[in-house]
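Below is one structure, written out as structure tokens, with a few remarks after it.
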Amino acid sequence: MKTSKPDSATAAKSDVVIDTHNISRVYNPDTIPVYAIRNVHLHIKRGEFTALVGPSGSGKTTLLNLIGGLDKPDQGRILINGTEITALSAGELIEFRLYNIGFVFQSFNLIPVLTAGENAEFIMLLQGKSKKERDARMKQLFREIDMEDKMDRRPGELSGGQQQRVAVARALASKPQFILADEPTANLDSKSASNLLDIMDKMNREENITFIFSTHDQRVIERARRVITLVDGEVASDTNVIDTSAPH
């Protein structure tokens, strides 16, 4: 079979994880339409560490929810690794998220009756992973988040920073291709936020997991390597930041 080297455009396209095609999300369309997102067209490449920023009401959380399949656009398409998630049924979308997307929420969303380890492990149970595989992944992750000695504690016995680290471990447990984090540092003090960002930055660099943050936290923005600013549901600017911390 004759093969040829892909041109630069094809090579660049193959690196795209998320591709939104002129998506819009409109509330009250039959009365007084309010555009939460308006004609947003973005390419997010594999391994990016991206912050969606903007004032309250700018649409950043809505955009994150659309990308994660937690909401559907009123117009446009969203493709993830070539799969058009906007065309999937509810059941197909649940399965797609299970194997491809990890979520980190501002409010942690841990199950209070489960231990930290059980919370993080839960998604792997849904995936049907063996106990051996689950145990190995949990040991690795809790070592990474420096909480090996707290796996058996319930969320109520942990600080806010520790709970958020468990939430990150849960998001990473299934080895997703990308992580969506909605204001992950909003309820954390400076030290806890810095530790959390260190963990996510390390996972991004070592496992090439794509991270997208919805945030107004300057601590997150300063660590991002791409900053997309939304104003009134539209992309006002899209800037790649020079990464001075990367090895040369």
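The values are calculated or read from the model by the stated rules, or taken from the named source; none is laboratory data. No experiment lies behind these values; they were computed from the predicted model shown. So basically every Cβ, Gly included, is an ideal-geometry build from the backbone, and we count neighbours across all protein chains shown. Calculation scope for accessible area: heavy atoms of the full protein, side chains included, ligands and nucleic acids excluded. Shrake-Rupley method; radii C 1.70, N 1.55, O 1.52, S 1.80 Å.
Considering only the stretch 52-101, how many residues are open to solvent by 70 Å² or more (accessible area, probe 1.4 Å) and outside any helix (DSSP H, G or I)? So the answer is 8. Picking from residues in the stretch 102-120 that are exposed (fewer than 15 other Cβ atoms within 10 Å of the Cβ) and within 21 Å of Gly68 (Cβ to Cβ), the one that is farthest from the chain's Cα centre (by Cα) is Ile111. Counting only strands (runs of 3 or more DSSP E) that sit wholly inside the stretch 151-248, those with at least 1 residues that are among the polar types (S, T, N, Q) are 210-214, 226-231, 234-240.
Conditions (1) surrounded by fewer than 19 Cβ atoms within 10 Å (Cβ to Cβ); (2) in contact (Cβ under 8 Å) with a residue 60 or more places away in the chain, marked per residue:
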position	(1), (2)
Phe122	yes, no
Gln140	yes, no
Ile145	no, no
Arg165	no, no
Arg170	no, yes
Glu183	no, yes
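Residue check: is Ile23 among the β-branched types (Val, Ile, Thr) and free of Cβ contacts under 8 Å to residues at least 24 places away in the same chain? Judged against the criteria, Ile23 is not a match.
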